[in-house]
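The next block holds one structure in the form of structure tokens; read it before the comments.
Throughout, read-outs are computed from the coordinates displayed, never taken from laboratory work. All values derive from a computational prediction rather than experimental measurement. Note: ideal-geometry Cβ built from the backbone for every residue, glycine included; neighbour counts use all protein chains shown.
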Amino acid sequence: MGNFWLYIIIGLTAGGCYGIYERLVKKKSQANQSSPLIVCSDCKKEYSGSLTQCWHCGAKSPTPKKPSNSWIIYVIAFGGIAYSYDFFDSNPETPTEKSCKSDWKLCANNQQIMDVSGKWEEAAAACKVATKAQSKYGNPDFPLYSFASYNKGNDFIETGVMDIAEKNAQFQNEYGVMVHTLVKCTYDINQGKVMNIYIE
């Protein structure tokens with residue numbers, strides 16, 4: 001989050017400085033130029049734009065448009081969105097989770113091994129390859145997030161072995177029909193390989 005906010009501050013500062021610079025240059029340029037002639041909307045005659053009314057017929061000059069401050073609104077809105085993104089982050093990382101990312105042995109439990117350490121992705125990929133190797137009739141189909149079932153506790157850390165399962169795998173039978181099948185996989189975290197595959 002620190003870098004995220006740093007980029008926002010740099011961007012907003014640069015945008016604000018550019019807006020101020022642009023206004024100063026424009027104001028100085030206008031001050032150095034003589035007032036242009038404008039056409040009266042009533043009598044259609046020209047008169048100096050520095051006057052508040054036409055010197056021919058007395059009609060009032062149109063009110064000049066003020067510079068737009070819409071960029072300020074955008075800056076505030078963008079800052080509010082960024083603040084909300086940070087403020088409403090309901091899952092900030094704890095010190096244990098940060099350590100778990102760098103070393104799975106520092107994870108607190110099986111859930112952190114699965115959700116934080118990155119070992120679940122490695123195990124799931126290896127388990128799918130091992131399962132396909134044992135399939136008799138073509139390649140089985142797996143859901144997007146496969147092998148996400150596991151038992152709670154901390155035995156993954158104590159043993160260095162992950163027991164994960166996929167309840168919604170689909171295997172083709174001898175008749176060419178895809179059937180739901182339970183697959184259990186035992187994965188060795190230390191060696192990074194599958195120890196056993198059980199297909200129900």
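As a length-normalised measure over Cα pairs under 8 Å and 6 or more apart, the relative contact order of segment 106-199 settles at 28 percent. Our note on the geometry: Cα centres of segment 166-200 and segment 108-124, 19 Å apart.
What does the charge count around Lys184 come to, taking other residues whose C-beta lies under 9 Å from its C-beta (Lys +1, Arg +1, Asp -1, Glu -1)? Taking every Cβ under 9 Å from that of Lys184, the sum is -3. Annotation: for a label point projected 7 angstrom from Cα along Cα→Cβ of Glu122, residues of segment 155-187 with backbone N closer than 19 Å are 155-165, 185-187.
Put in order of Cβ neighbour count within 10 Å, fewest first, the listed residues Ser146, Ser61 become Ser61, Ser146.
If Lys and Arg each add +1 and Asp and Glu each add -1, what is the summed charge of the other residues whose beta carbon sits under 13 Å from the beta carbon of Cys57? Every neighbour counted, the sum reads +1. Annotation: extensible slack from Ser61 through Ser149 equals 24.1 nm (criterion: 0.36 nm per residue apart, minus Cα-Cα distance). On the basis of the beta-carbon distance and an R0 of 35 Å, Asn196 and Thr13 show a calculated FRET efficiency of 0.05. Ordered by the number of other Cβ atoms lying within 10 Å of each residue's own Cβ, fewest first, Met195, Met162 fall into the sequence Met195, Met162. In terms of its C-alpha gyration tensor, segment 106-199 comes out prolate, because a/c is 1.5 or above and the ratio a/b outweighs b/c.
Listing Thr96, Thr13 from fewest to most neighbouring C-beta atoms within 10 Å gives Thr13, Thr96.
Using 1/(1 + (r/R0)^6) with R0 = 35 angstrom and r between the beta carbons of Ser48 and Ile20, what's the FRET efficiency to the nearest 0.05? It comes to 0.75. Restricting attention to segment 106-199, lysine pairs at least eight places apart or on different chains and with alpha-carbon atoms under 14 angstrom apart total 6.
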